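Encoded as structure tokens, the structure appears first; notes follow it.
The values are calculated or read from the model by the stated rules, or taken from the named source; none is laboratory data. The structure presented is a predicted model; accordingly, all values stated were derived computationally and were not measured. In this analysis, Cβ positions are derived from the backbone assuming ideal geometry, glycine residues included, and neighbour counts consider all displayed protein chains. The accessibility values were calculated without ligands, DNA or RNA, using every heavy atom of the protein model including side chains. Shrake-Rupley method; radii C 1.70, N 1.55, O 1.52, S 1.80 Å.
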Amino acid sequence: MAEKTYSTRVADDLLKDLLEAMGAVLIEGAKWCGKTTTAEHAAKSVLYLGDTDTMRRNISLLDMHPRAVLNGEPPMLIDEWQEAPQLWDAVRFEVDHRNEEGQFILTGSATPDKDKLDQIHHTGTGRFAWLRMRPMSLWESGESNGALSLADLFGGQSDFAVYAPELTLRDIAFLICRGGWPGTLSKRSEAAMLTVAREYYNAVVQTDMSRIDGVRRNSERVKRLMRSYARHQGTQASLTTIADDISANEAEKASDKTIADYIDVLKRIFVVEDTLAWNPNLRSKTAVRSSDTHYFVDPSVAAAALELGPDDLVGDLNTMGLFFETLAVRDLRVYADALHGKVYHYRDKNGLECDAVMHLHGGKYGLIEVKLGGERLIEEGAHTLNALAANIDTSKMRAPSFRMVLTAVGGFAYNRPDGVLVVPIACLRP
């Protein structure tokens, strides 16, 4: 059997840097996003806790002599560490006594529940570093040519005309529904690629929601919750709003507490990842909304939840715009990680809203509006960006490094006369 080609990930350099600085690195993220493959690429030895052939033996050995399984050549990968949380303290002990960096890589596709966390006696501060991985960005999966660098934009680049691959709306709709799952890249047909995201969704509904802590959860309610979350992606819908939406087809209304529990589990298995609100210094006294904005970790999960395919999205461009925003936020999060930054969302009480604010350590930030494309939508996005930028008190914080309308389609990136950048997503990279 031919060896699979490794697809370079943004996380590769981040992992390398963390291993040079810390004794152990924990890679977290959704199942199937490529954590294990990326870790294997950097590791010299591996312990697979999810291997059914050796799981019982390894767990038994861990119960008696946890350090005995940690004698592999460093950096040693421990895959799905949460299956044996007692390993955490054993790894910490080894890091302390070896007194060398780059000893262990741990991967996990779920945050352990409270009972398992109670078995851990040390936080790992000073020994562990954390690295979040997400599904592939378009640059990692090869759809973006990477001709325009966000790092360059933060560095002051403003004069450019960069060509982007000519993707159609149908192409973008397909990429939304396919998602950034590395396993899709080896599939030979479009149908097979689209099946991966649907089966990921089915696994979440049927097994992952209950397996994480042994609490049996109603799979039909999980489906309704994920459909509701998909309908409310890109919004700050309250728990009550989501509960009302879910309960429309239930005999008894689900409580806010129940819905909060279900959403918490989806977060713990990295299926949903909400965006925090950005709170800048403003010239006016406008109140800034502090609610998180709802997103799935990948737009394909939302498409699978609503049973939508590429042609469905092309037939409803308003809906497609919401899904494209989720894809754009996924990519921007990956690129922000590479630049040691985070992505936020801005909305104030007057309805002024900015889809994404990329904020770097040190205080630099960029304002980004996400639009499918077309002159009218680009103009709307530019108006929003200029209105927000004008309201920022630059005597108390920096001016934005750039204002960008990030589009789904368009043949090239360019700088408008008002300084707003118009950038197709298929030419962007960190």
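Data table
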| read-out | value |
| --- | --- |
| Segments 397-410, 151-164 sorted - mean Cβ within 10 Å per residue, highest first | 397-410, 151-164 |
| Net charge, Asp316 excluded, C-beta distance under 15 Å - Lys, Arg +1, Asp, Glu -1 | -2 |
| Cα gyration tensor, region 167-249 - rounded (a/c under 1.5), prolate or oblate | oblate |
| Principal-axis tilt of helix 219-231 within the chain, Cα atoms, nearest 10 degrees | 30 |
| Nitroxide proxy distance, nm - points 7 Å out along Cα→Cβ at His340 and His65 | 4.2 |
| Summed side-chain charge close to Asp355 - residues other than Asp355 whose Cβ falls under 13 Å, Lys, Arg +1, Asp, Glu -1 | 0 |
| Surface share of carbon and sulfur [accessible, 1.4 angstrom probe, percent] for the chain | 48 |
| Extension reserve of the Glu380-Ala21 stretch, reckoned as 0.36 nm per residue once the Cα distance is removed | 124.8 nm |
| Chain lengthening between Asp316 and Glu190 when straightened (0.36 nm per residue, less Cα-Cα) | 43.3 nm |
| Percent of beta bridges antiparallel (DSSP, the chain, rounded to nearest 5) | 35 |
| Formal net charge of residues neighbouring Gly29 (Cβ-Cβ distance under 10 Å; K, R +1; D, E -1) | +2 |
| Extension gain from Glu40 to Asn279, taking 0.36 nm per residue of separation minus the Cα-Cα distance | 82.1 nm |
| Between helix 169-178 and the chain: long-axis angle, C-alpha atoms, 0 to 90°, nearest 10 | 20 |
| Where the chain is the region considered: accessible area per residue in Å², 1.4 Å probe | 45 |
| Computed over the chain, the ratio Rg/Rh where both radii use C-alpha atoms and Rh is Kirkwood | 0.97 |
| Phi-based couplings in Hz for region 412-418 (Karplus 6.51, -1.76, 1.60; Gly and Pro marked x) | 7, 8, 8, 10, 6, x, 7 |
| Of Val288, Val334, Ala305, farthest towards positive along the dipole that unit charges on Lys, Arg, Asp, Glu beta carbons give region 282-385 | Val288 |
| Spacing of the two label points (7 Å from each Cα toward its C-beta) at Asp393 and Tyr6, in nm | 5.0 |
| Computed label-point distance, nm, for sites Glu100 and Asp159 using a 7 Å Cα→Cβ extension | 5.2 |
| In degrees, nearest ten, helix 317-338 long axis to first principal axis of the chain (Cα) | 60 |
